[in-house]
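S.K.: One structure is given below, represented as structure tokens, and several questions about it will come after.
The values are calculated or read from the model by the stated rules, or taken from the named source; none is laboratory data. Bear in mind that the values here come from a model prediction, so they are computed numbers and not experimental data. Methodologically, a virtual Cβ is constructed for each residue, glycine included, from the backbone with ideal geometry; neighbour enumeration extends over all protein chains shown.
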Amino acid sequence: MSASQLIIFDTTLRDGEQSPGASMTKDEKLRIARQLERLKVDVIEAGFAAASQGDFEAVKAIAEAIRDSTVCSLARANDRDISRAAEALKGAARSRIHTFIATSELHMEKKLRMTREQVLEQAIQAVRFARNLTDDIEFSPEDGYRSDPVFLAQVVEAVIREGARTINIPDTVGYAIPELYGSFIKELRERVPNSDQAIWSVHCHNDLGMAVANSLAGVKIGGARQVECTINGLGERAGNCSLEEVVMAVKTRRDYFGLDVRVDPSQIVPASRMVSQTTGFVVQPNKAVVGANAFAHASGIHQDGVLKARDTYEIMRAEDVGWAANKIVLGKLSGRNAFKQRLQELGVQLASEAEVNAAFQRFKDLADRKAEIFDEDILALVMDESAGS
Ligand code: KIV
Ligand code: ZN
């Protein structure tokens, strides 16, 4: 893996599924995993094998079906979970065990009821045990961002020594701020003497709406080279970092990030649709990249600009991310140019500019009464025009 490669780790099927109401059957997960493989994500976190027999079966089926992405299972830091993960992943071409334990004072004291020493020891034992089963081990200190950096560095140094090859620092509760999260990762890497023996990863939740910004800061400021994300930002509470936004930010602003991603962007919209249809979670129209309005232009000035040169108001192409085309939405803000263009697309030829002007006037009158004008409305308008002339 080159230093300029950003690894895309998709956790739609694990953390995404933790979203209330988003649970998926084995067959649905398998279908989405195949789409994620077409999308060319580097790692698919297929589930949490020890969580239930259903999850075990789903991870197993995905491991057996997927050849071109690494398949991963989550496991708590104990032998039973890790063994179940390894068992489910047996048929994979490439597999990863992702083990975790919480390291923040709050989680250790109130949830785990364990001391720092016990957590450190359990993390070490878990990675040592996993090391007998696979070479590819990821370790996550849950609630890492709210952990004491001195203790966290001690845990991370120890698990790298035991063989963890990816260190993921979750902002489990979406509490981070971009600059602070980026600096946190950077300082942590500086504190850990063997930090260069692992790939550093970011995993951000969206409780304050900053999961994507935080992840990108973790990459840019912190030097992380793996981003954990989900399609449509699906995930518990306000969701996870959204895959389509991170990928398109890195691709569109390659001048700033200087990183490559393996993802095929033309598969983004099909993946978004599939996840939305499968879970029943509707994508908001103004969602970046995959929302229905992400490439729609409604105002006359914008429409005129886009018709003359698309990059006046488009920083990426709708077609590049899997849409059929961008959209000129005709309504009360539209100008004569956009109207004329739509007439042409509909194959309507009016006899004179005067007729176009008259039809445009009718269109404006209608648009004052109706939010969106459809092609059928325009055809009717033109018939009115012919009838009136
Ligand atoms: O948010 C989180 O802390 C997680 C870990 C299990 C990686 O999802
Ligand atoms: Zn998470």
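S.K.: Can Ser272 be described as out of contact with any helix residue (DSSP H, G or I) (no Cβ under 8 Å at 6 or more places or on another chain) and of a type in the set (S, T, N, Q)? Talk me through it step by step, then tell me what you get.
M.R.: Details: out of contact with any helix residue (DSSP H, G or I) (no Cβ under 8 Å at 6 or more places or on another chain): no; of a type in the set (S, T, N, Q): yes.
For Ser272, the condition - out of contact with any helix residue (DSSP H, G or I) (no Cβ under 8 Å at 6 or more places or on another chain) and of a type in the set (S, T, N, Q) - is not met.
S.K.: Right, next: Within region 93-107, does at least one residue satisfy the condition of being crowded, with 21+ Cβ neighbours inside 10 Å and more than 16 Å from ligand 1 (Cβ to nearest atom)?
M.R.: yes
S.K.: So, in region 233-250, how many residues would count as being away from ligand 1 (no atom under 16 Å from the Cβ) and free of Cβ contacts under 8 Å to residues at least 60 places away in the same chain?
M.R.: Result for region 233-250: 2.
S.K.: For residues that are within 14 Å of ligand 1 (Cβ to nearest atom), assigned to a loop (DSSP other than H, G, I, E, B) and touching a helix residue (DSSP H, G or I) at 6+ places or on another chain (Cβ under 7 Å), scanning just region 9-38, find the one that is nearest to Cys72 (Cα to Cα). Break it down into steps so the answer makes sense when it comes.
M.R.: Of the residues in region 9-38, the ones within 14 Å of ligand 1 (Cβ to nearest atom) are 9-19.
Now narrow it down to the ones that are assigned to a loop (DSSP other than H, G, I, E, B): 11-15, 19.
Of the ones still in play, those that are also touching a helix residue (DSSP H, G or I) at 6+ places or on another chain (Cβ under 7 Å) are 12-13.
Working: Thr12: 12, Leu13: 10 Å.
Ranking the candidates gives Leu13 first.
Per-residue answers, yes or no, for (1) at pLDDT below 95; (2) of a type in the set (A, V, I, L, M, F, W, C); (3) under 28 Å from Tyr313 (Cα atoms):
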site	(1), (2), (3)
Gln341	yes, no, yes
Glu345	yes, no, yes
Leu350	yes, yes, no
Ala358	yes, yes, no
Ala371	yes, yes, yes
Asp375	yes, no, yes
Val382	yes, yes, no
Ala387	yes, yes, no
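S.K.: Quick check on my filter: what residues within region 78-92 are outside any loop (DSSP other than H, G, I, E, B), more than 16 Å from ligand 1 (Cβ to nearest atom) and among the charged types (D, E, K, R)?
M.R.: We begin by selecting, within region 78-92, every residue outside any loop (DSSP other than H, G, I, E, B); these are 79-88.
Right, trim to more than 16 Å from ligand 1 (Cβ to nearest atom) and you get 79-80, 83, 86-88.
Within region 78-92, Asp79, Arg80, Glu87 meet the criteria.
S.K.: Which of the residues spanning region 22-70 are more than 17 Å from Leu89 (Cβ to Cβ) and over 19 Å from the mean Cα position of the chain (by Cα)?
M.R.: Thr25, Asp27
S.K.: Residue under question is Val227, and the condition is that it be over 20 Å from Pro20 (Cβ atoms), within 13 Å of the chain's Cα centre (by Cα) and either buried (at least 24 other Cβ atoms within 10 Å of the Cβ) or among the aromatic types (Phe, Trp, Tyr) (or both); does it hold? Walk me through it before giving the result.
M.R.: On the way: over 20 Å from Pro20 (Cβ atoms): yes; within 13 Å of the chain's Cα centre (by Cα): yes; either buried (at least 24 other Cβ atoms within 10 Å of the Cβ) or among the aromatic types (Phe, Trp, Tyr) (or both): yes.
The answer is yes for Val227.
S.K.: Condition first: within 20 Å of Arg262 (Cα to Cα), among the aliphatic types (A, V, I, L, M) and touching a residue at least 60 places away in the same chain (Cβ under 8 Å). Now tell me which residues in region 13-42 satisfy that. First the steps, then the outcome.
M.R.: Of the residues in region 13-42, the ones within 20 Å of Arg262 (Cα to Cα) are 13, 32-42.
Filter once more, keeping what is among the aliphatic types (A, V, I, L, M): 13, 32-33, 36, 39, 41.
Scanning region 13-42 gives Ile32, Leu36, Leu39, Val41.
S.K.: Those residues that are assigned to a strand (DSSP E or B) and within 13 Å of ligand 2 (Cβ to nearest atom), I need them from region 219-238; list them, please.
M.R.: Within region 219-238, Val227, Glu228, Cys229, Thr230 meet the criteria.
S.K.: So which residues in region 239-262 are buried (at least 17 other Cβ atoms within 10 Å of the Cβ) and either in a helix (DSSP H, G or I) or charged (D, E, K, R) (or both)? Break it down into steps so the answer makes sense when it comes.
M.R.: Residues of region 239-262 buried (at least 17 other Cβ atoms within 10 Å of the Cβ): 239-251, 257, 259, 261.
Selection gives Leu243, Glu244, Glu245, Val246, Val247, Met248, Ala249, Val250, Lys251, Phe257.
S.K.: Here's a follow-up. Name every residue in region 149-184 that is within 16 Å of ligand 1 (Cβ to nearest atom), within 18 Å of Arg225 (Cα to Cα) and under 20 Å from the mean Cα position of the chain (by Cα), in order of residue number.
M.R.: Start the filter on region 149-184 by keeping residues that are within 16 Å of ligand 1 (Cβ to nearest atom), which leaves 152, 155-156, 159, 164-176, 181, 184.
Subset that is within 18 Å of Arg225 (Cα to Cα): 156, 164-171, 181, 184.
Correct list: Thr166, Ile167, Asn168, Ile169, Pro170, Asp171, Tyr181.
S.K.: Does region 277-298 contain at least one residue that is farther than 24 Å from Leu234 by Cα and either buried (at least 19 other Cβ atoms within 10 Å of the Cβ) or modelled with pLDDT of 95 or more (or both)? So that I can check it myself, show each step before the final result.
M.R.: Initial filter on region 277-298 (farther than 24 Å from Leu234 by Cα): 297-298.
Keeping just the survivors that are either buried (at least 19 other Cβ atoms within 10 Å of the Cβ) or modelled with pLDDT of 95 or more (or both) gives 297.
Yes.
S.K.: Could you please give the count of residues in region 116-152 that are within 16 Å of ligand 2 (Cβ to nearest atom) and either surrounded by fewer than 20 Cβ atoms within 10 Å (Cβ to Cβ) or more than 22 Å from Pro193 (Cβ to Cβ) (or both)? If you could, list the steps in order and put the result at the bottom.
M.R.: Residues of region 116-152 that are within 16 Å of ligand 2 (Cβ to nearest atom), as a first pass: 138-147.
Right, trim to either surrounded by fewer than 20 Cβ atoms within 10 Å (Cβ to Cβ) or more than 22 Å from Pro193 (Cβ to Cβ) (or both) and you get 142-143, 146.
Counting residues in region 116-152 that are within 16 Å of ligand 2 (Cβ to nearest atom) and either surrounded by fewer than 20 Cβ atoms within 10 Å (Cβ to Cβ) or more than 22 Å from Pro193 (Cβ to Cβ) (or both) gives 3.
S.K.: Out of the residues in region 303-352 that are polar (S, T, N, Q) and not in a helix (DSSP H, G or I), state the one that is farthest from Arg254 (Cα to Cα).
M.R.: Going residue by residue through region 303-352, those that are polar (S, T, N, Q) are 303, 312, 326, 334, 337, 341, 344, 349, 352.
Retained after the next criterion (residues that are not in a helix (DSSP H, G or I)): 326, 334, 349, 352.
Values: Asn326: 23, Ser334: 33, Gln349: 44, Ser352: 48 Å.
Among residues in region 303-352 that are polar (S, T, N, Q) and not in a helix (DSSP H, G or I), the one farthest from Arg254 (Cα to Cα) is Ser352.
S.K.: Suppose the filter is within 13 Å of ligand 1 (Cβ to nearest atom) and of a type outside the set (Asp, Glu); does Ala75 pass it?
M.R.: Details: within 13 Å of ligand 1 (Cβ to nearest atom): yes; of a type outside the set (Asp, Glu): yes.
Against the criterion (within 13 Å of ligand 1 (Cβ to nearest atom) and of a type outside the set (Asp, Glu)), Ala75 qualifies.
S.K.: Here is a follow-up. Hey, can you tell me all the residues within region 42-54 that are over 11 Å from Arg96 (Cβ atoms) and surrounded by fewer than 24 Cβ atoms within 10 Å (Cβ to Cβ)? Talk me through it step by step, then tell me what you get.
M.R.: Going residue by residue through region 42-54, those that are over 11 Å from Arg96 (Cβ atoms) are 47-54.
Listed by number, the residues that qualify are Ala50, Ala51, Ser52, Gln53, Gly54.
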